[in-house]
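Student: Starting off with a structure, shown below.
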Amino acid sequence: MPSPVICWFRQDLRLHDNPAWSAACKTGAQIIALYILDDKNSAQWKMGSSSRVWLHHSLEMLNKSLGGNLVMMSGDAKTILSELTEKSHSDKIFWNRCYEPWRSARDKDIKETLTSKNIQIESFNGSLLWEPWEIKKQDGTPYRVFTPYFRKGCLGSPPPRAPIPCPPLPSFHRDIKSKSLDELNLLPKYPSWDIPMISYWKVGEQAADKQLDIFLETKLDGYKDKRNYPSLDQTSKLSPHLHFGEISPHQVWHRSTECGIKSSAGPDLDCFQSELAWREFSYSLLYYNPDLPEKPLNKKFEQFDWVSPDNETLERWQKGETGYPIVDAGMRELWATGYMHNRVRMITASFLIKDLRYHWRIGEDWFWDTLVDANLANNAASWQWVAGCGADAAPYFRIFNPTTQGEKFDPENEYINKCAPDSHKIKPLVDHKKAREKALEAFKAIK
């Protein structure tokens, strides 16, 4: 009997359109389907609390799809893979590539170590429509502005490949002891805040597939105009499914294209696919700027006069008690559901950065811990965009007025009444007009 092969699941917790899984199945060998929770190498960027809750349920669903044959381990991935290949006599590992700096460095080290021991590594693109090195300007440098990145770079390149069919379940190698899901300790012990939060969601590959169907059937039409209004619930809510790889961007791209063509939803389709492309752009920025989550791309902002955070003030922002209803509604939606509407993410971020003048990394860290779709590339790029210090960023002097933003995007107060009905009774943390003037003064000092 040939040696078993290992398929290492990472940010691709699905069986359909999974290049690594399909390639492993094609070998005809017994498979060790493996997941490693590697909190050692992730260090400061280990998954936040809400993401860990989602991961728990996503692994549960993947294990069911694999007939209970998912091997779950935790610890240093290189040590685990070295020991596993030795014990199982496996000589081949399949995985889909990851692009976070710590993952790339770890994977390179693993590949060099194991190939020196005659272990073959095969890696694939299972997470992006276009990998960062595929989309560059004519002079060979990466894009720093989104619109030409998407219009010229992405749309001018070969289109995304078609999704790969799901292979039949293979024979599994069952001699490897797995940790139980509970032994990964992904859920909070007490209080069990995860139970009400996860009740807002359906998790896993089948749920992701159904969520895409719902979006295409009921929300793609009118998406461009309605997506900015949180009460209309017009967004796809696919971001956590994409982040954990329960559905691939290729599946989303091709099915949305097919639906858009059939329904003549050209502008809506283009707008939606540009949102998929922003995810790609964020990964490109992170790939070429590994310190994106920590340092401003615009180096002038290293000298910006940020205010030292006051714990009580910061906690009021975190809990949605700022006295600005649209901000409070967004922060309470985040606390309750692990999610926040994208327009409101921009408003709440602007309030922290420009009304309170707190460093954007404070908000980045809070979103990292509380969002179920916390993605290192998107989170960092988006916070830098609002702060005015990132690539293709909104200029710092573009300061959202939280009152007029609420009036414009929640004119009937439906979203506010649902999420923060008492906010109008709370004394505002700051006077927006005065805070805006102080923020502009601080910006002038670094111009």
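Listed here are the residues, each with its yes/no results for (1) closer than 30 Å to residue 289 by Cβ; (2) outside any strand (DSSP E or B); (3) without any contact (Cβ under 8 Å) to a residue 12 or more places away in the chain.
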site: 67; (1), (2), (3): no, yes, no
site: 72; (1), (2), (3): no, no, no
site: 81; (1), (2), (3): yes, yes, no
site: 86; (1), (2), (3): no, yes, yes
site: 90; (1), (2), (3): no, yes, no
site: 95; (1), (2), (3): yes, no, no
site: 102; (1), (2), (3): yes, yes, no
site: 107; (1), (2), (3): yes, yes, no
site: 113; (1), (2), (3): yes, yes, no
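Student: If a residue must be farther than 22 Å from residue 151 by Cβ and not in a helix (DSSP H, G or I), how many such residues does the range 222-275 contain?
Tutor: Counting residues in the range 222-275 that are farther than 22 Å from residue 151 by Cβ and not in a helix (DSSP H, G or I) gives 13.
Student: From the list 210, 224, pick out the single residue that is out of contact with any Gly (no Cβ under 6 Å at 6 or more places or on another chain), of a type in the set (D, E, K, R) and surrounded by 15 or more Cβ atoms within 10 Å (Cβ to Cβ).
Tutor: Numbers: 210 fails: surrounded by 15 or more Cβ atoms within 10 Å (Cβ to Cβ).
Result of the check over 210, 224: 224.
Student: Still on this structure, I have one more. For the range 231-240, does any single residue satisfy the condition of being among the small types (Gly, Ala, Ser), under 25 Å from residue 9 (Cβ atoms) and either in the same structural domain as residue 10 (by TED's automatic domain parsing) or under 17 Å from the mean Cα position of the chain (by Cα) (or both)?
Tutor: yes
Student: Using the structure shown, decide if residue 121 is part of a helix (DSSP H, G or I) and in contact with a Leu (Cβ under 7 Å, 6 or more places away or on another chain).
Tutor: no
Student: A further question on this structure: What is the residue count in the range 224-243 for residues that are over 17 Å from residue 375 (Cα atoms) and in contact (Cβ under 8 Å) with a residue 60 or more places away in the chain?
Tutor: Here the count works out to 6.
Student: Taking the range 160-176 as the search range and keeping residues that are loosely packed, with under 15 Cβ neighbours inside 10 Å and at pLDDT 95 or above, which one is nearest to residue 53 (Cα to Cα)?
Tutor: Once the filter is applied, the top-ranked residue is 169.
Student: Of the residues that make up the range 242-257, is at least one among the basic types (Lys, Arg) and either more than 25 Å from residue 161 (Cβ to Cβ) or out of contact with any Leu (no Cβ under 8 Å at 6 or more places or on another chain) (or both)? Outline the logic, then answer.
Tutor: Taking the range 242-257 and keeping what is among the basic types (Lys, Arg), we get 255.
So of that shortlist, the ones also either more than 25 Å from residue 161 (Cβ to Cβ) or out of contact with any Leu (no Cβ under 8 Å at 6 or more places or on another chain) (or both) come out as none.
Among the residues of the range 242-257, not one is among the basic types (Lys, Arg) and either more than 25 Å from residue 161 (Cβ to Cβ) or out of contact with any Leu (no Cβ under 8 Å at 6 or more places or on another chain) (or both), which makes the answer no.
The values are calculated or read from the model by the stated rules, or taken from the named source; none is laboratory data. Everything quoted here is computed from the prediction, not taken from an experiment. Heads up, the Cβs are rebuilt from the backbone with ideal geometry, glycines too, and the neighbour counts pull from every protein chain shown.
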